[in-house]
1. Going by amide H atoms built from the backbone, whose H comes under 5 Å of the H on T52, apart from near neighbours?
2. Which residue fluctuates the most in the chain, going by a Gaussian network model with Cα springs under 10 Å, if the choices are T52, T153, T121?
3. Starting from the Cα-Cα distance between D104 and R12, subtract it from 0.36 nm times their residue separation and give me the gain in nm to one decimal.
4. Please state the relative contact order of the chain as a whole percent: Cα pairs under 8 Å, 6+ residues apart?
5. Computed FRET efficiency, Cβ-Cβ of V46 and L163, R0 45 Å: what is it to the nearest 0.05?
6. So how much slack lies between N88 and S111, counting 0.36 nm per residue of separation and subtracting their Cα-Cα distance, in nm?
7. Can you list residues whose amide H is under 5 Å from M14's amide H, if they're 5+ apart or on another chain and H is modeled 1.01 Å from N?
8. Can you tell me the length gained on complete extension of the stretch Y156 to A132, counting 0.36 nm per residue apart and subtracting the Cα distance?
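Computed from the coordinates by the stated procedures, all read-outs in this text should not be read as laboratory data. Treat the numbers as computed from the prediction; the structure is a model and nothing was measured. Virtual Cβ from ideal backbone geometry, glycine too; neighbours counted across all protein chains shown.
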Amino acid sequence: MQFVILGLLMMRPMSLYDLHAQFSAGPSLFYSASFGSIHRALRQLVAQGMVTVDDAPDSARGRKLHTPTPAGVDAWRQWMHEPIGGSNAETAMLAKVYLLGLLDDGDERRSAVAVLKASVTEELSALRAVAADLDATDIPEEYAGVFRYQRATLDYGLRSHELALAWLDDLV
């Protein structure tokens, strides 16, 4: 979540309330973030020196604006070029694509997409190996009904990875 917040703050300085509204308007389609989780992440970013907090010049109520530091922008750029994987790979991919326009130029964007494609390709290859092993396994008749639906979940993973690769190709 911290890197999504850094990316959003790169568009303009925002208060906690602005960030919550921004999440509701976009990243909430792929990333669930409560007011409290955004607040905790902001505090961590400030403590890490990746975000500064200043009083909003036009606020009589003490509204605080958060702005990424150069270190925060550098950390965000590094994250944009890191491989994805694990249980949150799809969410990370969507977050990175959502923020892709913040990278400076076409070459940097293509590089970030290439890293995403490599990660998805690696995961797809691993899923295909699992599928090949499963399909070569003799399933006892009494478990055939159970296996059918378990195999269907693997098919979903295969198809979603294939779709992600085609989608990423369209971005380039």
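1. Here the answer is T67, T69, since their amide H atoms fall under 5 Å of that of T52.
2. Highest fluctuation of the listed residues: T153.
3. Length gained between D104 and R12: 31.5 nm.
4. Result for the chain is 21 percent.
5. Working: r = 38 Å, r/R0 = 0.85.
Computed FRET efficiency for V46 and L163 comes out at 0.75.
6. 6.2 nm
7. Amide H neighbours of M14, under 5 Å, 5+ apart: H66.
8. Values: separation 24, 0.36 × 24 = 8.64 nm, distance 1.50 nm.
Taking Y156 through A132 to full extension adds about 7.1 nm, to one decimal.
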